[in-house]
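Notes follow the structure.
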Amino acid sequence: MKVLFIGGTGNISSASSRLAIAKGIELYHLNRGIHAAQIEGVRTITGDITKPEGLTALKKHRWDVVVNWIAFTPDDIERDLELFRGKTGQYLFISSASCYQTPLRCPVITESTPLSNSLWEYSNNKIKCEDRLLQAYREEGFPITIVRPSLTYETVIPIAIGGFKEYTTADRILNGKEIIIHGDGTSLWTVTHSEDFARGLVGLLGLTQAIGHAFHITSDEILSWNMIYSILAQSLGCELKAVHISSDFICRVEPSYTGTLLADKAESVIFDNTKIKTFVPGFQAIIPFSQGIKKTLKWLDERPERKLILPEENARIEHILRIYKSLGPS
């Protein structure tokens, strides 16, 4: 099977690339050639997907599957439709579980949960991308499959404030500083290791039954935010000094958190993975967060320059804490 990943070396996609190679898939990456590919066995086509007029090397290929990991707007989808009509047996779009109804009317999410998120431009654009692809599927038979990851990690720290692509909150924990947990910390969430996500994603590649369908792929492990932060602190070998502050308050003081909190992580979410398990028999997430975060921290420790500590993020955290404490006991 001949597969093209647009992207393929990121936090989510690297594990899928490695697993695809291990499964004997003939895998190509399309990238700009700025960073050398780190995944053995991947063939590279040098080019910029945002400049399709220069992709002459790409246009001579026909693919069994194309996976776009880095499409974010309807314009990206229109470009891909032009590039891959008649050139692929399946086009897999990486969407986002943040597209699901916000606020949720039912905390258990299935693929039939409505898509509606007006609070975050990122999510709203992903919904528009899905709508355009579904239109192309209905009207012209363009062979789409949609995948919605939730908070997925391997080289990032999956927390709400001062984490993900940065090490700021981890550094605060290591230095005995207070960190912020949104709400009372008891709302439920799911974090998924990229290696677990890859088992579902790779299982969908070339699966004709999946054409026209949407799937989310997550762990079945359900954790409270208090548990997530406590496991992180334990993995760092430190005591957790947490201050619980409501998401509404946080976003009033620092509106930049509105998307990632009010539009995503502020309420309980439970994912029902029945559909991906039905289409990919044997799929099971097997890496609990207590193990996965240790792998992430080990990877970060191997090269200290990976530990991105942002002064501006520290300033935002201190600003919220200062205003919150100035109000006195609630």
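Only the coordinates and a few stated rules stand behind these numbers; no lab work does. Not measured: the values here are computed from a predicted model. We place every Cβ from the backbone using ideal geometry, glycine too, and count neighbours over all the protein chains shown.
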- Taking Cα atoms, how many degrees apart are the long axis of helix 121-140 and the longest axis of the chain, rounded to 10 and kept between 0 and 90? 20 degrees
- Query: Farthest toward the dipole's positive end in segment 91-229, which of Ser224, Gln135, Thr169, given Cβ charges of +1 (Lys, Arg) and -1 (Asp, Glu) about the Cα centre?
  - Reply: Gln135
- Taking every Cα atom in segment 1-128, find the radius of gyration and the maximum pairwise distance Dmax, and write them in Å. 16.1, 48
- Task: With no solvent and one equal point scatterer per Cα, compute the Debye intensity ratio I(q)/I(0) for segment 142-184 at 0.22, 0.24, 0.28 Å⁻¹ and report its log10, rounded to two decimals.
- Result: -0.79, -0.88, -1.02
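Give me the dipole magnitude in Debye, nearest 20, for segment 4-65 about the Cα centre, with unit charges on the beta carbon: positive for Lys and Arg, negative for Asp and Glu.
Details: 8 positive and 5 negative charges, 18 e Å.
With Lys and Arg at +1 and Asp and Glu at -1, about 80 debye.
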- Starting from the Cα gyration tensor of segment 181-310, multiply each eigenvalue by 5, take the square root, and state the resulting semi-axes largest first in whole Å. 30, 20, 14
- Tilt, helix 194-204 to longest principal axis of the chain (alpha-carbon atoms), in degrees rounded to tens, equals 30 degrees
- Message: Quick one: 3J(HN,Hα) in Hz for segment 42-56, Karplus 6.51/-1.76/1.60 with θ = phi - 60°, rounded, Gly and Pro as x.
- Response: 7, 9, 10, 10, 7, x, 10, 4, 7, 10, x, 5, x, 9, 5
- Query: Per-residue ellipticity at 222 nm for the chain, helices alone: DSSP H runs ≥ 4 residues times -39500 (n - 2.57), over residue total, nearest 500 deg cm²/dmol?
  - Reply: -10500 deg cm²/dmol
- Partner aspartates and glutamates whose C-alpha sits under 12 Å from that of Lys177, ignoring same-chain residues fewer than 8 away, are Glu239, Glu318
- Give the residue from Leu119, Gln38, His61 lying farthest towards the positive end of the charge dipole for segment 20-135; charges sit on Cβ (+1 for Lys and Arg, -1 for Asp and Glu) and the dipole is referred to the Cα centre. His61
- How high is the relative contact order of the chain, given as a whole-number percent (alpha carbon pairs under 8 Å, six or more residues apart)? 18 percent
- Whole-Hz couplings from phi, Karplus 6.51/-1.76/1.60, listed for segment 149-165; x for Gly and Pro: x, 9, 6, 10, 9, 8, 10, 10, 9, x, 10, 7, 10, x, x, 6, 7
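Dipole magnitude of the chain about its Cα centre, charges +1 at Lys/Arg Cβ and -1 at Asp/Glu Cβ only, in debye to the nearest 20? Don't skip to the answer; put the middle values down first.
Working: 36 positive and 37 negative charges, 114 e Å.
Magnitude of the dipole: close to 540 debye.
Could you tell me which of the pairs Lys277/Lys298; Lys51/Lys275; Lys126/Lys277 are separated by over 26 angstrom between their Cα atoms in the structure shown? Write down the numbers at each step before the final one.
On the way: Lys277/Lys298 30 Å; Lys51/Lys275 36 Å; Lys126/Lys277 24 Å.
Check vs 26 Å cut-off fails for Lys277/Lys298; Lys51/Lys275.
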- Nearest 10, in degrees from 0 to 90: the angle of helix 13-22 to the longest Cα principal axis of the chain is 50 degrees
- Note on the structure: Put in order of increasing Cβ neighbours within 10 Å, starting from the fewest, Cys129, Cys238, Cys106 give Cys106, Cys238, Cys129
- Task: Could you run the Karplus curve 6.51 cos²θ - 1.76 cosθ + 1.60 with θ = phi - 60° over segment 68-77 and give me ³J(HN,Hα) per residue in whole Hz, x for Gly and Pro?
- Result: 9, 8, 10, 9, 10, 10, x, 5, 4, 5
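Taking the Cα centre of segment 1-145 as origin, sum charge times position over the Cβ atoms of Lys and Arg (+1) and Asp and Glu (-1), and report the length of that vector in debye to the nearest 20.
Working: 17 positive and 16 negative charges, 73 e Å.
For segment 1-145, the charge dipole is close to 360 debye.
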- Would you list Val269, Val253, Val243 from fewest to most Cβ contacts within 10 Å? Val243, Val253, Val269
- Note on the structure: Sorted by chain and then number, the residues having a modelled amide H within less than 5 Å of the amide H of Ile144, at least 5 places away or on another chain, are Tyr91, Gly212
- Query: Projected onto the charge dipole of the chain (+1 at Lys/Arg Cβ, -1 at Asp/Glu Cβ, origin at the Cα centre), which of Phe271, Cys106, Val202 gives the Cα projection farthest towards the positive end?
  - Reply: Val202
- Message: Which log10 I(q)/I(0) values does the chain give at q = 0.06, 0.07, 0.13, 0.16 Å⁻¹ under the Debye formula, counting every alpha carbon as one identical point scatterer?
- Response: -0.22, -0.30, -1.01, -1.43
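Quick one: Lys59, Lys294, fewest Cβ neighbours within 10 Å first, how do they rank? Mind showing how you got there, number by number?
Working: Lys59 12, Lys294 15.
Starting with the residue having the fewest Cβ neighbours, the order is Lys59, Lys294.
Based only on Cα atoms, what Rg/Rh ratio does segment 168-220 have, Rh being taken as Kirkwood's radius? Working shown, then result.
On the way: Rg = 17.8 Å, Rh = 14.6 Å.
Taking Rh as the inverse mean 1/r over Cα pairs, Rg/Rh reads 1.22.
For segment 49-111, what mean projected area does the convex hull of the alpha carbons give, in nm²?
Numbers: hull surface 21.8 nm².
Approximately 5.4 nm², given one-decimal rounding.
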